[in-house]
Amino acid sequence: MVENDDGRTGLIFNIQKFCLHDGPGIRTTVFLKGCPLRCRWCANPESQSGRVQILWDREKCLYCAACVSVCPERAILMTSELGIRIDEKKCTGCGSCSDCCPGQALTREGERRTVGDVLAVCLQDREFYTESGGGVTLSGGEPLLQAAFALNILQGLKEHDIHTAVETTGFVAPLLFQQACRWVDLFLFDIKQWDDGKHKNGTGVSNRLPLQNLKTALTSGKEVLPRLPVIPGFNDTIADAEQFAVLLRNAGAEKVQLLPFHQFGEKKYEMLGRNYAYTDVPALNESDLNDFHQTLIVNGIDAFF
């Protein structure tokens, strides 16, 4: 659990302004921490944990050991081979280490903010939303994992007539998802694998709940954009494209946005002291997916990048 019971505060790791790819118009995107999935290719691995985390950048480290000496939990170890290692079981995310780091090699990911704080930041750009047809997008992680906090933000935004979008994995309790539909104008809904067994292998969870909620979203009267991250060796074959078309048609969807695999998040795994399953795997370009793209179109799905 990453939220207070009353939902007045929640854990976020970024608020990014002037976003152009998280829904229509100019948007502010609020990134909430915590996700029930463990996608092996995740570009934001710092979003998965529901706790504050400390990231270590080897290239900036001066190896002065100041962080080791100030840590009140003795959660930091320095070795000649591995450099800095942080024991997440001991670390409380207090930030003492990052505050004292002379090379700024340590960064604190995650900050508890109130609903009012978040709304105040978002409302600063209300004029841009109005002029561009934009608004605010909640992202993550899975933003609906912090249920009360996310719903309170969405409700507050709608009270100011601001367009709302949620980037979701769909792995959310059905009743909660139905509640979210009341305050969401647009669902940016990720689909990752049509086959349940492969979905479990790549993400750690079944695809049954996301598919159930996808159908709920598509019949809710709200705008829904299914999005498909195309991952090498996981869901990128022509047979996969054919099955995704069947899945989308059965759910009532007519379109899908293709998101080619990229390596933007690779360094974060090293900074978290984690192994990355897609090291040295080449990124995909739109041209690499021509056949995949055309297969969806031929099978009745308006696929686009």
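The values are calculated or read from the model by the stated rules, or taken from the named source; none is laboratory data. Please read these numbers as outputs of a predicted model, since none were measured by experiment. Here the Cβ positions follow ideal geometry from the backbone for every residue, glycine too, while neighbour counts run over all protein chains shown. Side chains included, ligands, DNA and RNA excluded: accessible areas come from the protein's heavy atoms. Shrake-Rupley method; radii C 1.70, N 1.55, O 1.52, S 1.80 Å.
Placing +1 on the Cβ of every Lys and Arg and -1 on the Cβ of every Asp and Glu, with nothing else charged, gives region 55-101 a dipole about its Cα centre of roughly 100 debye. Can you pull the percent of Cα pairs in the chain with separation above 26 Å? For the chain, the share of Cα pairs beyond 26 Å comes to 50 percent. Helix-only arithmetic for the chain: the sum of -39500 (n - 2.57) across DSSP H runs with n ≥ 4, divided by the residue total, places the mean residue ellipticity at 222 nm at -8500 deg cm²/dmol. Taking 0.36 nm per residue of separation and subtracting the Cα-Cα distance, full extension of the segment from E286 to H262 would add 7.5 nm.
What's the local net charge at D87, with K and R +1, D and E -1, over the other residues with C-beta under 9 Å away?
Surrounding charge for D87 is +2.
With +1 assigned to the C-beta of every Lys and Arg and -1 to the C-beta of every Asp and Glu, and no other charges, what is the dipole magnitude of the chain about the Cα centre in debye, to the nearest 20?
The calculated dipole for the chain is roughly 740 debye.
Normalised per residue, the accessible area of the chain is 47 Å², obtained with a 1.4 Å probe and no contribution from ligands, DNA or RNA.
Considering only DSSP beta bridges with both partners in region 90-218, what is the antiparallel share in %, to the nearest 5?
Details: 0 of 8 bridges.
Percent antiparallel among DSSP bridges in region 90-218 is about 0.
Taking 20 °C and 1.002 mPa s as the conditions, I'd like the Stokes-Einstein D for region 99-202 in µm²/s, using the Kirkwood hydrodynamic radius from alpha carbon pairs. D = 136 µm²/s. Summarising the label geometry, the points placed 7 Å from Cα in the beta-carbon direction at C64 and L176 lie 4.2 nm from one another. Given +1 at the Cβ of Lys and Arg, -1 at the Cβ of Asp and Glu and no other charges, the dipole of region 262-305 around its Cα centre is 280 debye to the nearest 20. Of the residues A173, Q294, F305, the one whose Cα sits farthest towards the positive end of the charge dipole of region 148-305 is A173 (charges of +1 on Lys and Arg Cβ, -1 on Asp and Glu Cβ, taken about the Cα centre). Using the structure shown, select from K33/K222; K200/K255; K222/K255; K60/K268; K33/K268; K215/K255 the pairs with a Cα to Cα distance greater than 18 angstrom. Long pairs (Cα-Cα over 18 Å): K33/K222; K200/K255.
In this simple spin-label approximation, C94 and D302 carry label points 7 Å from Cα along the Cα→Cβ vector, and these lie 5.6 nm apart. When a 1.4 Å probe is rolled over the protein heavy atoms, the share of accessible surface on region 97-205 that falls to carbon and sulfur comes to 47 percent. First select every other residue whose beta carbon is under 15 angstrom from the beta carbon of L77; then total the charges, Lys and Arg +1, Asp and Glu -1. Surrounding charge for L77 is +1.
What share of the DSSP beta bridges in the chain is antiparallel, in percent to the nearest 5? Intermediate values should be presented prior to the final figure.
Numbers: 17 of 42 bridges.
Beta bridges within the chain, antiparallel portion: roughly 40 percent.
Ranking S139, L157, G204 by Cα position along the charge dipole of the chain, where only Lys, Arg, Asp and Glu carry charges on their C-beta atoms, puts G204 farthest toward the positive end. The accessible surface of region 209-305, taken with every protein chain in place and a 1.4 Å probe, is 48 percent carbon and sulfur. Remark on the chain: C19, C35, C61, C64, C71, C91, C94, C100, C101, C122, C181 stand apart, with no other cysteine beta carbon under 4.7 Å.
Surface composition of region 1-58: carbon and sulfur make up 49 percent of the accessible area, probe 1.4 Å.
Report the net charge of residues surrounding P24, where surrounding means a beta-carbon distance below 14 angstrom and charges are Lys +1, Arg +1, Asp -1, Glu -1. Show your work: numbers first, answer last.
Details: positive: R27, K222; negative: D22, E131, E167, D185, E223.
Charge balance in the 14 Å sphere: -3.
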